[in-house]
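Please read the structure below before turning to the comments.
The values are calculated or read from the model by the stated rules, or taken from the named source; none is laboratory data. Quick caveat, the model's predicted, so the values are computed rather than measured. So basically every Cβ, Gly included, is an ideal-geometry build from the backbone, and we count neighbours across all protein chains shown. Just the protein is used for accessible areas: all its heavy atoms, side chains included, with ligands, DNA and RNA removed. Shrake-Rupley method; radii C 1.70, N 1.55, O 1.52, S 1.80 Å.
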Amino acid sequence: TQKMEPITCRAAVAWGPKLPLSIEDVIVDPPKAGEVRVRVIANALCHTDIYTLDGHDPEGLFPCILGHEAGAVVIDVGPGVTSLNVGDHVIPAYTPECREACCIFCASPKTNLCPKIRSTQGRGVMPDGTSRFRSKKTGETIYHFMGCSTFSEVTVLAEISCAKISKEAPLEKVCLLGCGIATGWGAVWNTCKVEAGASVAVFGLGAVGLAVVQAAQIAGARAIYAIDMNSGKFDAARALGATDCINPSELPEGQSTVQALVAKTTWGVDYTFDCTGNTQVMRSALEAAHRGWGVSCVIGVAAAGKEIATRPFQLVTGRTWKGTAFGGWKSRSQVPQLVRRVMSGELPIGRYITHTYDGLEGTQEAIDALHSGQCLRAVVQYLPPPPPQTAGGGTSDLPP
């Protein structure tokens, strides 16, 4: 086999919290055992990237290459890799799935939280404890982020962090399934198992919150309350299935969001979802849940050091507080299924992409767009995607 060499490419490097990203040359070393090197075709910006860049992430390490919601093509395969080949299309997964017989987490239908590479991923390195990135200019080691680091034209991933998908899927669209949209759907369908006829309240109408609205509508919820301080988001929420929209800042003086929801429902809402990362909102979501059986799910990631609080009486009187990571999806097994459902038209995702940019330089613009509050998902396309392959080997004409 031909010896793999380091590759020089461009990346958007975060040298420190709150600093603008630096577009510069980096050296990407070859994949080691159990790893693949991929070319990133498109990357969607997620609030978790910004949250780390702004210095709120307790695991944030600098310098690093951020990015974790992407579509990529395998260009090199390390020793021992059996499930991927050069040319395969993948969605990087920050929640891996090792599928080893001894992994009680992968074996359990109750969770997707495979811990196989968790400790090294949290330290910004690959499973062997080292980084594959260094600055071309200074030689300094650059850390990985969430096991993905897709703000780089080329990155290295663990095999167990790659969801292999159909080559017909448009990577510049299905990259959204690497985090936010899939998380919102899974919170409804996997974590809470919302049933037809239930009532649902969604706090925070970013891309994740709107995906919760969409999933609740598909699940057959009879009432979907969409809550946000920005009334400009309500049209999108209604289009995806929201039946009522509430702006807490426009409620009558002295009335809280919890009181408004209880007034509409008598005893509260069957399922509530926090998509804000604000611990006060998490409390409100729990306390708006139905007496006796209400379930409240935390999706938003809180800033470092934040804690949640409520009176124990809220739980004693029948409410359940739970959380979800990546919507409970087992990444390698289930993301390809989601991609198929998107491609069939069953799960439309086009309306989530509100901004698009070409080239790595667009990453900073995409961050600015996400900060503006007018953006759901900004997709940065690094390279033109390869022509989609049909089963016969020719290219297919997919609808745009």
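Among the listed residues Ala237, Ala309, Ala263, which satisfies the condition of being modelled with pLDDT of 95 or more and either under 14 Å from Gly204 (Cα atoms) or assigned to a strand (DSSP E or B) (or both)? Only one candidate passes the filter, namely Ala237. If you go through the stretch 262-273 one residue at a time, do you hit one that is open to solvent by 50 Å² or more (accessible area, probe 1.4 Å), of a type outside the set (A, V, I, L, M, F, W, C) and farther than 22 Å from Trp293 by Cα? No, every residue in the stretch 262-273 fails to be open to solvent by 50 Å² or more (accessible area, probe 1.4 Å), of a type outside the set (A, V, I, L, M, F, W, C) and farther than 22 Å from Trp293 by Cα.
Just to be sure before I move on: is Val335 in contact with a strand residue (DSSP E or B) (Cβ under 7 Å, 6 or more places away or on another chain), of a type in the set (A, V, I, L, M, F, W, C) and in a helix (DSSP H, G or I) in the structure I sent? Lay out the reasoning, then the answer.
Working: in contact with a strand residue (DSSP E or B) (Cβ under 7 Å, 6 or more places away or on another chain): yes; of a type in the set (A, V, I, L, M, F, W, C): yes; in a helix (DSSP H, G or I): yes.
Yes, satisfied.
When the criteria are applied in full, Ser249 fails the requirement of being in a strand (DSSP E or B) and either in contact (Cβ under 8 Å) with a residue 24 or more places away in the chain or not hydrophobic (A, V, I, L, M, F, W, C) (or both).
Scanning the stretch 301-321 for residues that are exposed (fewer than 12 other Cβ atoms within 10 Å of the Cβ), in contact (Cβ under 8 Å) with a residue 12 or more places away in the chain and of a type in the set (D, E, K, R) yields a single hit, Glu307.
His68 fulfils the conditions (1) modelled with pLDDT of 95 or more; (2) surrounded by 21 or more Cβ atoms within 10 Å (Cβ to Cβ); (3) out of contact with any Cys (no Cβ under 8 Å at 6 or more places or on another chain) except for a single criterion, (3). Only residues that are outside any loop (DSSP other than H, G, I, E, B), in contact (Cβ under 8 Å) with a residue 24 or more places away in the chain and among the hydroxyl-bearing types (Ser, Thr, Tyr): list them for the stretch 100-138, please. Passing the criteria: only Ser135.
Given the residues Ser119, Ser131, Ser108, which is the only one that is of a type outside the set (Val, Ile, Thr) and either buried (at least 17 other Cβ atoms within 10 Å of the Cβ) or at positive phi (or both)?
Values: Ser119 fails: either buried (at least 17 other Cβ atoms within 10 Å of the Cβ) or at positive phi (or both); Ser108 fails: either buried (at least 17 other Cβ atoms within 10 Å of the Cβ) or at positive phi (or both).
None of the others qualify; the one that does is Ser131.
Looking only at residues of the stretch 100-131 that are in contact with a helix residue (DSSP H, G or I) (Cβ under 8 Å, 6 or more places away or on another chain) and of a type in the set (S, T, N, Q), we find that the one that is farthest from Thr150 (Cα to Cα) is Thr111.
Annotation: of all residues in the stretch 292-306 being in contact with a strand residue (DSSP E or B) (Cβ under 9 Å, 6 or more places away or on another chain) and modelled with pLDDT of 95 or more, the one that is nearest to Thr48 (Cα to Cα) is Ile299.
Which residues, counting only those in the stretch 33-46, are of a type outside the set (A, V, I, L, M, F, W, C) and in contact with an Asp or Glu (Cβ under 6 Å, 6 or more places away or on another chain)? Correct list: Gly34, Arg37. Scan the stretch 278-290 and tell me whether some residue there is in contact with a Leu (Cβ under 9 Å, 6 or more places away or on another chain), open to solvent by 20 Å² or more (accessible area, probe 1.4 Å), of a type outside the set (Phe, Trp, Tyr) and under 27 Å from Leu176 (Cβ atoms). Taking every residue of the stretch 278-290 in turn, none turns out to be in contact with a Leu (Cβ under 9 Å, 6 or more places away or on another chain), open to solvent by 20 Å² or more (accessible area, probe 1.4 Å), of a type outside the set (Phe, Trp, Tyr) and under 27 Å from Leu176 (Cβ atoms).
Given the residues Ile160, Ile142, which is the only one that is outside any loop (DSSP other than H, G, I, E, B), under 20 Å from Asp25 (Cβ atoms) and at pLDDT 95 or above? Exactly one of Ile160, Ile142 is outside any loop (DSSP other than H, G, I, E, B), under 20 Å from Asp25 (Cβ atoms) and at pLDDT 95 or above, namely Ile142.
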